[in-house]
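Enquirer: Let me begin by handing over the structure; questions about it come next.
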Amino acid sequence: MGTLFMLLAAAVVLLVIVGVKKVSQGSVYVVENLGKFSKIAEPGIFFCMPFYSRVRNKVLICEQSLDIPPQTVITKDNVQLKSDSCIFFTVVDPMKFTYCVQNWQNAMSALCIASLRNFFGQITLDEAQTSRQQITAQVQNTLDIATQKWGIKVNRVEIQKFELPFNIRESMERQKKAEQEKREQVILAEAAKESAILNA
C-alpha cells in the first residue's frame, strides 16, 4: 500500500511538473483541449493537463518586423526599379493568427509585393522618387485591411531604398553634371561681366 501511494504521489508530482507552463512577457499561448481551442494563456504561470490539453501556438504580441526581399517593380513610364521594404506589425488576435492563416510570412510578403507592384505601376519614375511616404501609406493601408482577418495589425511599411538600373543612373549623373557645369558657366559669366563693368 505504501509503495502504491508513493507511485501515485510521484505520478501526480510528475504531471504537475510536466503540466506547469510559463508564459513570458510579450507573448501568449494558444491552448487546445482535445484538439479544440480552449483559451489564450496570458503571461505568467498556468497549468496544461498532459494528454488532455496542449499548447497549439506560442504567439509574440510585441511589435515585429518582416523584411521583404528586394523586388523588381515597373513604373508607369516603363522604368524598372528594385524596391527594398520592411513591414512592422503586431498580432492583435492570437486565435485568428493561429487558425486563419498558414505560413503568415509568405502570405504577408506576397501581399506586400503585389501592392508595391500595383502602386508603382500607376506612377512615373519622378513621382516614385518624390512620393515615397505616400506609397508606403497606401501599401500599409492595403495590407492592414487584408491582414485583419488573420489577427494582424500593420503598423507601418518602410521602403528602405530604390535601386535604379545602371543606364538610368548613368543618364541622371550626366544630367546632374551638365546642370552643374551650366551653373558654373553662368557664375563665371556674371563674374566676368561685373569685372568688365568695374574696369570700365
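The values are calculated or read from the model by the stated rules, or taken from the named source; none is laboratory data. Note that the coordinates shown come from a computational prediction; the quantities given were computed from them, not determined experimentally. Here Cβ is always computed from backbone atoms with ideal geometry, including for glycine, and neighbour counts include all displayed protein chains. With ligands, DNA and RNA removed, areas are computed over all heavy atoms of the protein, side chains included. Shrake-Rupley method; radii C 1.70, N 1.55, O 1.52, S 1.80 Å.
Enquirer: Per 0.36 nm of contour for each residue apart, how much would the distance between residue 64 and residue 107 grow if the chain were fully extended, relative to their Cα-Cα spacing? Mind dumping the intermediate values first?
Expert: On the way: separation 43, 0.36 × 43 = 15.48 nm, distance 1.54 nm.
Stretched fully, the residue 64-residue 107 segment lengthens by 13.9 nm.
Enquirer: So if R0 is 25 Å, what FRET efficiency would residue 117 and residue 155 give, r being the distance between their Cβ atoms, rounded to the nearest 0.05?
Expert: Numbers: r = 22 Å, r/R0 = 0.88.
That pair, residue 117 with residue 155, gives E of 0.70.
Enquirer: When all protein chains stay in place, what accessible area (Å², nearest 10, 1.4 Å probe) is found for residue 163?
Expert: Estimated to the nearest 10 Å², residue 163 gives 90 Å².
Enquirer: Enumerate the amide H contacts of residue 39 below 5 Å, restricted to partners 5 or more residues apart or on another chain; note that Pro and chain-start residues carry no placed amide H.
Expert: Amide H neighbours of residue 39: 31.
Enquirer: How much FRET efficiency would the formula 1/(1 + (r/R0)^6) give for residue 79 and residue 100, where r is the Cβ-Cβ distance and R0 is 25 Å, rounded to 0.05?
Expert: 0.10
Enquirer: Debye calculation, C-alpha points only, no solvent: report log10 I(q)/I(0) for the range 44-91 at q = 0.16, 0.26, 0.33 Å⁻¹, in the same order as the q values.
Expert: Here log10 of I(q) over I(0) equals -0.69, -0.97, -1.15.
Enquirer: Quick check: at a probe of 1.4 Å, how many percent of the accessible area of the range 101-156 sits on carbon and sulfur atoms? Could the numbers behind the result be given before it?
Expert: Details: 1390 of 2990 Å².
On the range 101-156, the fraction of accessible area on carbon and sulfur atoms equals 46 percent.
Enquirer: Let me ask something else. Could you work out how far apart the two model spin labels at residue 37 and residue 25 are, taking each label as a point 7 Å from the Cα in the direction of the beta carbon, and quote it in nm?
Expert: Label-label distance for residue 37 and residue 25, simple model: 2.8 nm.
Enquirer: Further question on the same structure: Leaving out ligands and nucleic acids, and using a 1.4 Å probe, what accessible area per residue does the range 86-126 come to in Å²?
Expert: Values: 1950 Å² over 41 residues.
Counting only protein heavy atoms, the per-residue value for the range 86-126 is 47 Å².
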